Amino acid sequence: MTGNLAPFLVFYIGAALAALTSGALRSALMLCVPLAGAYNLWTLPPSTTLDLQLLDYTLQLVRADKLSLLFAWLFHLAAFIAILFALHVKDRTQAVAGLVYAGSAVGAVMAGDLITLFVFWEMLAVSSVFFILARGSAHSYATAMRYLIIQVASGVILLAGILFHAKATGSIAFGSIGLPTFDGSAAAIGAWLILIAIFIKAAVPLFHNWLTDAYPEATATGTVFLSAFTTKVAVYALARGFAGVDLLVTIGTIMALYPIFFAVIENDLRRVLSYSMMNQIGFMIVGIGIGTNLAINGAVSHAFNDVIFKGLLFMSMGAVLYRTGTTKASELGGLFRSMPWTTTFCLVGALSISAVPLFSGFVSKSMIMVAAIEEGHPLVWLALLFASAGVVEHAGIKIPYFAFFAHDSGQRPKEAPLNMLLAMGLAALVCIFNGAYPWILYAALPFPVDYAPFTFEHILTQVQLLAFAVLAVVALHKSGLYPDEIPSRNIDAEWTYRKALPAVSGAVLALATLTRRGVETIGGKLVSRIERELRRQNGPEGYFGRDWPTGFMALWTTAMLGAYLLFAYL
Amino acid sequence: MAKGQADPSSSLSPAAAAAAHGADGAKAADKHAILGTKSRDNIVLYVLYAIAAVSLIGDFVIHRHVGHPWEALPEFYPLYAFVSIIVLIFSAKALRKLVMRPEDYYDD
Amino acid sequence: MSVLAAAATAPSFAFVIGDHLPILQVIVPLLGAVLCALTRRGSFAFAIAALVSWSLLGVAIMLLWQVLGAAAPITYYIGGWAPPWGIEYRVDALNAFILVLVAGVGAITIPFAYRTVGKEIDEDKQSWFYALFLLCLSGLMGMAVTGDAFNIFVFMEVSSLSAYALIAMGSDRRALLAAYQYLIMGTIGATFYVIGIGLLYVVTGTLNLADLATRIGPAFGTAPQPILAALAFIVVGISLKLALFPLHLWLPNAYAFAPTFVTTFLAATATKVAVYILLRLYFTVFGGAISLSDLPIAEVLLMLSIAAMFIASILAVYEDSVERMLAYSSVAQIGCITLGMAIATRAGLTGSIVHLLNHAVMKATLFMAIGAVVYRVGTSCMSELAGIGRKMPLTMGLFVVAGLSIIGVPGTAGFISKWQLGIGAVDAGLWPLVFVLVGSSLIAVIYIGKVVEVAYFREPGDNLADARDPPASMLIPMALLGAATIYFGLDTTWSAQIADTAAQILIGGLK
């Protein structure tokens, strides 16, 4: 490290400075942080590492190779856009949290060993929760706690996995881990635990509800931060540790399909985007699971593009939320009249995610599709094609249509503030640039790119797919078969822990109370008198928590001694 | 391409809509037209139809590499996309019966 | 005093004093205690206590240095009488490590006493306070340094009796009851221990630990039951002293109501020395002579450790008083230590021993931080401490650092312990224990998180109007140990590596 800082440190120092400043100075400072970080990253000598010795292991705080650098660049760009978008926010907590969060994401992807990864993994969890807390309602507090518990649990599972992995391999370096068959060996347990931890962070179906629960609940600007980092760190971790693991192809396919059905019927447009996010990550996980150079390139470049266009869509919805106070489809419509710029940028995001030629989604997603068919996954290919049509429906049409067009809600909010427009404009520019001139992105990919996106054939088939997907929607709409936007809550897998589990534990408690009452009546007054007597003697607190009389302590001691002696003489 | 839809309700009562906006003058903005006026909506729709038609013809002009056996089918992509959306929407509507709850479902 | 006389004349002062390091560990604080008792002024007594503590640390470090350089344990015959007739002090890597730990905690925390004792103890009792503290210190050092089973008992009583009196000096009237309960329980523990030793003496005719290790084996062949009974008595007696769940009931009140400095010192040292005694007797004395599987001690220890790590942690979550919360957390952390003992592999024991140090460092930091809060605010109840983090930023900052270590965050000492214990568990094929460790860490996240939430995310109330960071004499010890929490999380040369050497000694002696 010749005079350069560890990349995450730039953000952490920025966070410390942001905590000490306020007003315009803090705004200026925050914009400078990703720029300074970018300069630091640019001048970072190739293949830099920063090592530290701990126990018998080598910690590698910084590892700069092609894969980690691409993600680091992406996170710098995303951080700049998100900070610009949130520049009008006066909340110090969110400012500091945002920088720590972005820095942790950079730290996580540049971590060369698993323990460093774990630290940033948990930092991501802790710093991001403030965006949800900042809504300030009792509702968002509960959401934030659910989010935090699941995120921290993911880290803890990761740590347990790391321990097994380190024991089995003698190393904590974060390279390819692979997935051995589960035979109860330390290596297998380690790999599976690490994989499950990443699955939680990546919001793989049935581990995903923290995302669809929390992201729509965060602040208008917070969701933009949230959408950029957490899940993409997980995608990076999969690409680094589990490339070519067959299971991922299946999981990714399910993940690309599962959310699109929910997205169709969801009323909250930011929740639609959350489902859309899962769907896009599904594509990436398929690419990682296929594991060829082309597939990995596709997955990684799609992650890059997704951060920008999904960020753009979340920003446009954030602007709508900021101006109207809602993102419910049933309450919106017709906003293009007074928010033309936001509408335009949202459309660029919609075109990009739909993978329209010359927009960014096209140049990356098609790599994954081609890899799927070339590597002999015909069913997966068909499923992804289906999912692509689904993307057009929920992200390409539904988001802009219900917010900005559709029936006129009568609302005439002001155009978004300048800083929001600039941020959206920048993201839109990146979408179009990467879509029309993908070569710079391609050059930054981990493997040499031997892929031509703009062939007549690719463009034709994509246009066919898109045009007829839209036609189908139009047809359904005209015939009145398209589902209306209804204010509602669609239950998903979170039902298990938000309804079923409390119900079951409630039932168990009720049963226990019932049994106890039964016992009391059967045992007559004697039981309750003893209980009352015990409670009177021992105070109102819990069993072990209350102050016990000395004699009771002595009793425990005697009991333990008695038990041992019994063993000795048996 | 993301805006090629007409609100179905607009065809139900065009007279009422026109009456509501009669004061707007010559251009007669339609409250139910998604782009402000019916004519703008129609332009977008016609463009969409044109693109769709050209892409259909393109299938016979440009040679497609066949990776999946179904791809050999003429007009495979338009067909698959159209059917996909129909299947998706109808299964999602069915899903609603299973999962839709009042908005305050979890708030107790 | 012949040592000092020799110092005046002999050119090789260092050499002479180097021969007598083991006895100095006990003599220095003992004489200091006498001196303190003779003074009438609290500040003078404090000066003596501070000087004694600091020089004691110097002695302990020199001794550790000698031990690490020597091939065999260092032995010292009291009065020149060779064992088994005389008392032998026997120092190897394990107890040299414990000696440095105890002396180090004493030396670093003693400046903290100056202000808190000044506030909590009446002026006329202060010199007695310091005398008792030095007595307690000498008792703990004696327990760690001696190689004689009965001598351990004597020093155990010295340290315990002074600890009872110290706790009773707490300004809360409930301190008396807490001290009384501790006295009863401590005495039961000591009695059990001495019964065990008595049984061993009857069948082997010796009290020297090294001798016992060789004689128990043959004696076991003729009369196994008295020896197993002795083992049971000793294990239960010491389990009481180290507050093994569920024999911990005396601990929360004793820690919560004792004077702040006493809580800090005892929490960091007393239970740790008791663990050392258990390690020494269980592994070196009994483990070297008989098969340990004759009694299900490891199994019971394992179950109780797991229970401690969960139940005590959950109790900590529900405590409103931060002091009691930390006390329950101590019970849980002691569970971690005994867990490594129950695993009984080299890696597991390394985890145990290194956690003795790491836990002492971080728990002392936590108790000092909350002691400083009590010093300023007068209470440690969370309901009264909203926004304290903004009023006492350095204090609460150190609390958070040590709290992260309790949770086991990488970069802190706590992580090293947990990691070693986890490796030990996987090593021994007991891999579900990894989830036990991780699970109890998660509960620690909750109770530390609760304090953080109260301290930083709430608006300070009127009761905190005058709260600010404490004076340097309290802040510096806190900062030193807080820094040590980070240091031992990054560099394990002086913690895990020595612990590993000590663990090898214990495992190597096993039959």
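Would you be able to say whether some residue in the range A:137-150 is free of Cβ contacts under 8 Å to residues at least 12 places away in the same chain, away from chain C (no Cβ under 12 Å), part of a helix (DSSP H, G or I) and more than 23 Å from A:PRO7 (Cα to Cα)? Within the range A:137-150, one or more residues are free of Cβ contacts under 8 Å to residues at least 12 places away in the same chain, away from chain C (no Cβ under 12 Å), part of a helix (DSSP H, G or I) and more than 23 Å from A:PRO7 (Cα to Cα).
Scanning the range C:381-398 for residues that are farther than 19 Å from C:MET362 by Cα, among the small types (Gly, Ala, Ser) and open to solvent by less than 70 Å² (accessible area, probe 1.4 Å) yields C:ALA386, C:GLY387. Here A:ILE491 fits the description: of a type in the set (Val, Ile, Thr) and without any contact (Cβ under 8 Å) to a residue 60 or more places away in the chain.
Only residues that are part of a helix (DSSP H, G or I), within 7 Å of another protein chain (Cβ to nearest Cβ) and over 12 Å from the mean Cα position of the chain (by Cα) were counted in the range B:31-57, giving 3.
Per this entry, C:TYR276 is counted among residues that are more than 28 Å from C:VAL373 (Cβ to Cβ), among the hydroxyl-bearing types (Ser, Thr, Tyr), assigned to a helix (DSSP H, G or I) and open to solvent by less than 10 Å² (accessible area, probe 1.4 Å).
Residue count for the range C:425-468 satisfying the condition of being under 19 Å from C:ALA308 (Cα atoms), assigned to a helix (DSSP H, G or I) and not aliphatic (A, V, I, L, M): 6. Considering the range C:312-327, and only residues there that are surrounded by fewer than 22 Cβ atoms within 10 Å (Cβ to Cβ) and among the aliphatic types (A, V, I, L, M), the residue that is nearest to A:TYR569 (Cα to Cα) turns out to be C:ILE314. The listed residues are A:HIS407, A:HIS458, and the only one of them that is open to solvent by 50 Å² or more (accessible area, probe 1.4 Å), over 27 Å from the mean Cα position of the chain (by Cα) and either at negative phi or of a type in the set (Lys, Arg) (or both) turns out to be A:HIS407. All of C:ILE446, C:ILE423, C:ILE416, C:ILE407 fail the test of being facing another protein chain (nearest Cβ under 10 Å), of a type in the set (Val, Ile, Thr), open to solvent by 60 Å² or more (accessible area, probe 1.4 Å) and closer than 29 Å to A:SER154 by Cβ, apart from C:ILE446. Total residues in the range A:175-211 satisfying the condition of being open to solvent by 10 Å² or more (accessible area, probe 1.4 Å), closer than 20 Å to A:LYS232 by Cα and not aromatic (Phe, Trp, Tyr): the figure is 9. The set of residues from the range A:321-359 being under 22 Å from the mean Cα position of the chain (by Cα), away from every other protein chain (no Cβ under 13 Å) and surrounded by 24 or more Cβ atoms within 10 Å (Cβ to Cβ) comprises just one member, A:THR327. Filtering the range A:381-411 to residues that are of a type in the set (A, V, I, L, M, F, W, C), more than 8 Å from every other protein chain (Cβ to nearest Cβ) and within 16 Å of A:THR326 (Cβ to Cβ) leaves A:ILE399, A:PHE402, A:ALA403, A:PHE404. As a summary of the residue check, C:TYR164 satisfies the conditions (1) open to solvent by less than 40 Å² (accessible area, probe 1.4 Å); (2) in a helix (DSSP H, G or I); (3) in contact (Cβ under 8 Å) with a residue 24 or more places away in the chain; (4) more than 23 Å from C:LEU231 (Cβ to Cβ) except for the one numbered (3).
Restricting the first member to the range A:252-267 and to residues that are small (Gly, Ala, Ser), and the second to residues that are open to solvent by 10 Å² or more (accessible area, probe 1.4 Å), the beta-carbon pairs closer than 7 Å and six or more apart or on different chains are A:ALA256/A:ALA383.
Would you be able to tell me the number of residues in the range B:59-92 that are touching a Leu at 6+ places or on another chain (Cβ under 8 Å), facing chain A (nearest Cβ under 7 Å) and modelled with pLDDT of 90 or more? Count: 9.
Looking across the range C:90-100, the residues that are surrounded by 24 or more Cβ atoms within 10 Å (Cβ to Cβ) and closer than 17 Å to C:PHE155 by Cβ come down to C:VAL91, C:LEU94, C:ASN95, C:ALA96, C:ILE98, C:LEU99.
Taken together, the residues in the range A:467-487 that are crowded, with 19+ Cβ neighbours inside 10 Å, farther than 15 Å from B:LEU88 by Cα and within 7 Å of chain B (Cβ to nearest Cβ) amount to 1.
The values are calculated or read from the model by the stated rules, or taken from the named source; none is laboratory data. Since the structure is predicted, the reported quantities are computational estimates derived from the model, not experimental observations. No Cβ is skipped: glycine too gets one built from the backbone with ideal geometry, and neighbour counts run over all protein chains shown. Heavy atoms of the whole protein, side chains included, go into the accessibility calculation; ligands, DNA and RNA do not. Shrake-Rupley method; radii C 1.70, N 1.55, O 1.52, S 1.80 Å.
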